[in-house]
Structure formats: C-alpha cells, structure tokens
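Here the structure is laid out as structure tokens; the discussion comes afterwards.
Rule-based calculations on the coordinates, nothing more; no lab input. Everything numeric in this text was worked out from a predicted model, so none of it was measured. For neighbour counting, all protein chains shown are included, and Cβ atoms are generated from backbone atoms with ideal geometry for every residue, glycine included.
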Amino acid sequence: MKGSVSQSSSKELKENIASLSSQEAVDILADLNPVKYNYIADHSKTLNAGFIA
C-alpha cells in the first residue's frame, strides 16, 4: 500500500475512514525510513529514534 502526504487532517474532509491492519501500519512506517542516531553535540551519545527530513 502506497500513499501520499496530506496536510488536511480533519475527518470532516474525508470519507471511507478505516483502521489499518497491523501489517499495513508496519509497511507504511517502514517506507518512512525510520533511523537511529545521536546528536553531534550530545557528548553522552544518547541514542534516539526518528526520521531525517
């Protein structure tokens, strides 16, 4: 399942709203390329998780 980014999050602008299956959610999140990283200025090198813009 592929999709697109939309800035209109109001449910009043949408129809046919349905929850994702667990696998659909995993697939969509994996396509976002989540990464692990630490900030250069963080001398303790705390590991973070997120996305790179």
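Please give the charge dipole size of the chain, origin at the Cα centre, charges +1 on K and R Cβ atoms and -1 on D and E Cβ atoms. Round to the nearest 20 debye.
160
With θ taken as phi - 60° and the coefficients 6.51, -1.76 and 1.60, list the Karplus ³J(HN,Hα) couplings across the stretch 22-36 in order, rounded to whole Hz; mark glycine and proline as x.
4, 5, 4, 5, 4, 4, 5, 5, 5, 5, 7, 6, x, 9, 9
If the chain between Asn33 and Thr46 were fully stretched, how many nm would it gain, using 0.36 nm times the residue separation less the Cα-Cα distance?
Taking Asn33 through Thr46 to full extension adds about 2.7 nm, to one decimal.
Place +1 on the Cβ of every Lys and Arg and -1 on the Cβ of every Asp and Glu in the chain, take the dipole about the Cα centre, and give the residue among Asn16, Ala30, Ile52 whose Cα lies farthest towards its positive end.
Farthest towards the positive end: Ile52.
Once the Cα gyration tensor of the stretch 11-50 is found, what semi-axes does its equivalent ellipsoid get, as square roots of 5 times the eigenvalues, in whole Å, sorted largest first?
34, 13, 7
Residue-wise, which Karplus ³J(HN,Hα) couplings in Hz belong to the stretch 40-49, taking 6.51 cos²θ - 1.76 cosθ + 1.60, θ = phi - 60°, and x for glycine or proline?
Rounded to whole hertz, the list is 4, 6, 8, 5, 7, 6, 4, 7, 10, 10.
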